[in-house]
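Working notes, structure below.
The values are calculated or read from the model by the stated rules, or taken from the named source; none is laboratory data. Bear in mind the structure is a predicted one, so any value in this text is a computation, not a measurement. With ideal geometry, Cβ positions are generated from the backbone for all residues, glycine too; neighbour counts draw on all protein chains shown. Note: areas computed on protein heavy atoms with side chains; ligands, DNA, RNA excluded. Shrake-Rupley method; radii C 1.70, N 1.55, O 1.52, S 1.80 Å.
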Amino acid sequence: MTPQEAVAEASRCLGCADAPCIDGCPARNNIVKFIRQIAQENFRGAIRTVKESNVFAGTCAYICPVGESCEMKCGSKLDRPVKIGELQRFVAEYERENGFRKFKTLPPKNKKIGVIGAGPAGLSASFYLVCMGYEVEVFEAAELPGGILTYGIPENRLIPDVVKDEIEFIVQMGAKIKINSPVDDLNKFIDHYDAIFIGVGAYGSVKLKIPGEELEEVIQAQNYLKRRKIAVYNNQKPDIKLGSRVAVFGGGNTAIDAATCAKNDGSEDVKIYYRRSINDMPAFKDEIEYCKTLDIEIIEYMQPVSFQGENNKLKSVTIVKTKPGEVDQSGRQRPVMIEGSEFFIEIDSAIAAIGQLPTFENTDIVDVDKKGLILIDDETMKTSHPKIFAGGDAVNGGATVVKAVADGCKAAEGIDALIGKS
Ligand code: SF4
């Protein structure tokens, strides 16, 4: 958007008293205020308003499913929703081009917070805690900070430099990030800090558990996307070479990301097989549409039952058709395999993307649910441990980035409420 286009679009906003758009935003971004500031050509004020609840303003402006959140809510008020996402991207890009402005921080509280995981939740918590006057040290097990922003979401959805610049801003504000620093002994770690925030994500992958899954060309989507992004960061070719016929199994954004990357990296025939209906796919609707623009076919009511190989090389997959059964816990119809409907397809590579698993191990210190997700108090993000807070995918099993950012912000308020006055 040009400044003129941004002002014109912002001027369409009604400034609704009830502002349903804000209810549609997990970070409760003050959309009415930042759009009004754009309409007044106060672009600096607008980006500051966004960052008061979402320090990853630019990142989220690229990847938020606005059609299923803030803009969907706005649609009830106007013939066409205000382009909230594009307006947020406009002011975020304005700041990147004209220089980031630091936030004022409160006087030092002489208290130290340990943050485990430099993903969107951990870095969000770190930023708001630094603004509150805390000393913050962030421990990241990987080589680069950013978590799923760096190692997961492909560059066709999120420009790596946008993430780098927003992380650099958080470092400039005072958060100290230690990379290649996994926290092995949480008990010892706790003693060094007045409070802890855990934002370790959910990087485990749910296995298909079918014969032939051990074949080399059968890979997990998260692993493929991570190794691909590492190559992108090092300007190299990915070390995972996919064949021309690729089958992707799953219905979420990770499945779509894997399929679109495979296609963009040169695989001619890429198909997504999903065991429920397309309408039941958890992936963002915009991403499903993007698949169609790349001629990636999405085939519903299909489930893999085994892979066949020759000399340890993948040759084909046997698929069974499914039909919708009774409604399950997710509120969707459970897929039921149709006996005798098996058929096989010759493929060169298979990518499994059927779910994330939490990788948090210290389940003896904080309570977790039966899936291994950390249990928290929804208001404060506090865990069962008096000094430990948590948020992001480690708590919800895999939701949106803006939800992780919102968790981090809420946890910072929870920590400050607990130790800020003592
Ligand atoms: S719902 Fe739409 S018109 Fe109303 S305040 Fe939000 S962006 Fe503006």
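For segment 260-373, list the strands (runs of 3 or more DSSP E) that sit wholly inside it and hold at least 2 residues that are open to solvent by 70 Å² or more (accessible area, probe 1.4 Å) and without any contact (Cβ under 8 Å) to a residue 60 or more places away in the chain; which are they?
In segment 260-373, the matching strands (runs of 3 or more DSSP E) lie at 297-300, 313-327, 333-337.
Yes/no matrix, rows are residues, columns are (1) among the polar types (S, T, N, Q); (2) surrounded by 18 or more Cβ atoms within 10 Å (Cβ to Cβ):
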{"residue": "CYS60", "(1), (2)": "no, yes"}
{"residue": "GLY67", "(1), (2)": "no, no"}
{"residue": "ARG80", "(1), (2)": "no, no"}
{"residue": "GLU86", "(1), (2)": "no, no"}
{"residue": "ASN98", "(1), (2)": "yes, no"}
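Show the residue pairs meeting these rules: Cβ distance below 7 Å; 6+ apart or different chains; first residue within segment 3-14 and of a type in the set (Ser, Thr, Tyr); second residue within 14 Å of the ligand (Cβ to nearest atom) and in a helix (DSSP H, G or I).
Taking only residues 6 or more apart or on different chains, the pairs are SER11/ALA39.
Please give the strands (runs of 3 or more DSSP E) falling wholly within segment 129-239 in which 1 or more residues are within 20 Å of ILE415 (Cβ to Cβ).
135-139, 176-178, 195-198
Select, from ILE47, ILE35, the only residue that is open to solvent by less than 60 Å² (accessible area, probe 1.4 Å), within 10 Å of the ligand (Cβ to nearest atom) and of a type in the set (A, V, I, L, M, F, W, C).
ILE35 is the lone residue from the list that is open to solvent by less than 60 Å² (accessible area, probe 1.4 Å), within 10 Å of the ligand (Cβ to nearest atom) and of a type in the set (A, V, I, L, M, F, W, C).
Given ASP184, ASP194, which one is assigned by TED's automatic domain parsing to the domain that holds PRO120, within 19 Å of PHE360 (Cβ to Cβ) and open to solvent by 40 Å² or more (accessible area, probe 1.4 Å)?
Result: ASP184 is the single residue among ASP184, ASP194 that is assigned by TED's automatic domain parsing to the domain that holds PRO120, within 19 Å of PHE360 (Cβ to Cβ) and open to solvent by 40 Å² or more (accessible area, probe 1.4 Å).
When only residues in segment 13-32 that are more than 24 Å from the chain's Cα centre (by Cα) and open to solvent by 60 Å² or more (accessible area, probe 1.4 Å) count, which is nearest to the ligand (Cβ to nearest atom)?
Of everything passing the filter in segment 13-32, LEU14 is nearest to the ligand (Cβ to nearest atom).
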